[in-house]
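Enquirer: The structure under discussion is supplied below as structure tokens; questions concerning it will follow.
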Amino acid sequence: MRPHLLRMTAKYFGRSFLLRYDAQRQYLCIEASALSIIAGRTYTLIASLPTGEQVTAQCTVHGLVPIKE
């Protein structure tokens, strides 16, 4: 799979954000100012191919976890 053919979208409260592929670093990214990551919220990630195939994943960000020393 060539990464430039993969369209990755993050969804948050009905808004969609397109993630861009950084070929030099070989990962997907988005400007930090475009999307706030907030504890307790659920985010959706959608990967789509030009053929129409897609896969969806969700992640809920948990709050701070106390560290026992």
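Just so you know, all these numbers are worked out from the coordinates, no wet-lab data involved. Only a predicted model underlies this, so the values are computations on that prediction, with no experimental measurement involved. Backbone-built Cβ (ideal geometry, glycine too); neighbour counts: all protein chains shown.
Enquirer: Relative contact order (percent) for the chain, with alpha-carbon contacts under 8 angstrom and 6 or more residues of separation?
Expert: Working: 97 pairs, mean separation 20.4, N = 69.
Relative contact order comes out at 29 percent.
Enquirer: Jot down the per residue volume, in cubic angstrom and as a whole number, of the convex hull over the alpha-carbon atoms of the chain.
Expert: Numbers: hull volume 9.4 nm³, N = 69.
Convex hull volume per residue, Cα atoms: 136 Å³.
Enquirer: Something else about it: With charges only on Cβ, +1 for K and R and -1 for D and E, what is the dipole size of region 3-60 about its Cα centre, in debye, rounded to 20? Spell out each step's value before the answer.
Expert: Values: 6 positive and 3 negative charges, 24 e Å.
So the dipole magnitude of region 3-60 works out to roughly 120 debye.
Enquirer: Moving on to the next point. Per residue of region 55-61, in order, report the coupling 6.51 cos²θ - 1.76 cosθ + 1.60 (Karplus, θ = phi - 60°) as ³J(HN,Hα) in whole Hz, putting x for Gly and Pro.
Expert: Along region 55-61, the couplings run 9, 10, 9, 10, 9, 9, 7 Hz.
Enquirer: If you don't mind, there's one more thing I want to ask. Name the residue from Gly14, Pro50, Leu28 whose Cα lies farthest towards the positive end of the charge dipole of region 3-60, charges +1 on Cβ of Lys and Arg and -1 on Cβ of Asp and Glu.
Expert: Going by the charge dipole, the pick is Gly14.
Enquirer: Label 7 Å along Cα→Cβ of Tyr21; region 50-66 residues with amide nitrogen under 20 Å?
Expert: Residues 50-57 qualify, since their backbone N sits under 20 Å from the label point.
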